[in-house]
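Below is one structure, written out as structure tokens; comments come after it.
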Protein chains: 2
Amino acid sequence: MARASLREQIVDAAYEQFHQHGYHGCGVKLITDSAGVPKGSFYNHFESKEALALVVMERYGDTRRVPDLVNRDAAEPLARLRAHFEFLASDIEKHGYRRGCVFGNFANEAADHSPVIRAGLVAAFDSWSEAVVSAIREAQADGSITSTQDPEVLGRFLVNAWEGAIVGERAAKDGSSFAAFFAVAFDTLLR
Amino acid sequence: MARASLREQIVDAAYEQFHQHGYHGCGVKLITDSAGVPKGSFYNHFESKEALALVVMERYGDTRRVPDLVNRDAAEPLARLRAHFEFLASDIEKHGYRRGCVFGNFANEAADHSPVIRAGLVAAFDSWSEAVVSAIREAQADGSITSTQDPEVLGRFLVNAWEGAIVGERAAKDGSSFAAFFAVAFDTLLR
């Protein structure tokens, strides 16, 4: 019981610290300090910082509302796609365009050096893209999109374009890159 | 003479090391070690790691062939846009989809913590976007693009979408995100 709670404290702290400082900017000591647990306790719960990063990625993925994209009971597919990206945008806006996306941060910082994190990122981007693709397919099938672009290509493109809009906002922090994303994605590509 | 050369050695080394390890993954000592110069010599030439990062960003920007985008003598505007992104893609492919873009890396890692680097990034993304916008305007004016999307919005979107395609390739390293970028950008958006 106590052990499970200590592990949770470390994951909670890592979630915040990785988000704020990135993968390399954040060592095990910073994580355990901010969790208020002794550094030595870390390795009772995690084999490595990499292993903890995978847990954080999974938890982050769980908060991205990806299943909503394919929930046919919720709304029309285009409305679901818009709601998805609007949720992601609002989450970053409310943090003042800081932090970015855990996946994008780790892709930039850690994918080249850690096969484990890279594999986790491939899985995360694939399952996210697949959900976007699935909603695009639905919208093509029900006629709400007339675009004949290959949905696999368009889905992958949109997920990447979203990651890139975040890169733009990390610099400008003025909403212009998110606005450009919504304009081009919903006024042109998803028509 | 000797001093100028020492400074160059530091900039060359920083260019490589920032590219490989990112901003936080790369300290002054790593840079001076890889430059083969004493650590103490660093502060004779640069006020801070931040100041060096700005020099590296400028040098990186100079290699991105941005002026070619607006060179009316070189080719038709659409051909210039394609050649620009194909050059950027080939540069990343030849490094095995490692390293990414210095601007994207710094945006993710350092923009939140360094106002100086953030200002440098805003300027870099703005001038890059402006060159893309200018080529789009030309293509709209000469009729080679029928898209009526606001060129400012489309230019910003494309620059960001390119940064996001790099994020996708940092993870997958299989060319699929670059392929999706070219398909959507040139078969749909720039038509």
Discussion item. Residues that are more than 18 Å from the chain's Cα centre (by Cα) and either of a type outside the set (S, T, N, Q) or over 24 Å from residue A:105 (Cβ atoms) (or both): does the range B:12-23 have at least one?
Written reply: no
Discussion item. Between a residue in the range B:110-126 that is facing another protein chain (nearest Cβ under 7 Å) and any residue that is of a type in the set (Phe, Trp, Tyr), which pairs come within a Cβ distance under 7 Å, given they are 6 or more apart or on different chains?
Written reply: B:121/B:103; B:121/B:106; B:125/B:103
Discussion item. Considering only the range A:147-154, I want to know if a residue exists there that is under 14 Å from the mean Cα position of the chain (by Cα), touching a residue at least 24 places away in the same chain (Cβ under 8 Å) and under 14 Å from residue B:184 (Cβ atoms).
Written reply: no
Worksheet item: Would it be correct to say that residue B:89 is among the small types (Gly, Ala, Ser) and farther than 22 Å from residue A:164 by Cα?
Response: no
Worksheet item: Pairs under 6 Å by beta carbon, first residue over 23 Å from residue B:118 (Cα atoms) in the range B:17-36, partner among the β-branched types (Val, Ile, Thr) and surrounded by 21 or more Cβ atoms within 10 Å (Cβ to Cβ), six or more apart or different chains?
Response: B:35/B:10
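Going by the conditions given, is residue B:161 touching a Phe, Trp or Tyr at 6+ places or on another chain (Cβ under 9 Å), at the interface with chain A (Cβ under 7 Å from one of its Cβ atoms), of a type outside the set (Val, Ile, Thr) and under 17 Å from residue A:110 (Cα atoms)?
Details: touching a Phe, Trp or Tyr at 6+ places or on another chain (Cβ under 9 Å): yes; at the interface with chain A (Cβ under 7 Å from one of its Cβ atoms): yes; of a type outside the set (Val, Ile, Thr): yes; under 17 Å from residue A:110 (Cα atoms): no.
Criteria not met by residue B:161.
Coordinate-derived values only; no laboratory data. Just so it is clear, the model here is predicted, and its values are computed rather than measured. Please note: Cβ atoms are built from the backbone with ideal geometry, for glycine as well, and neighbour counts cover all protein chains shown.
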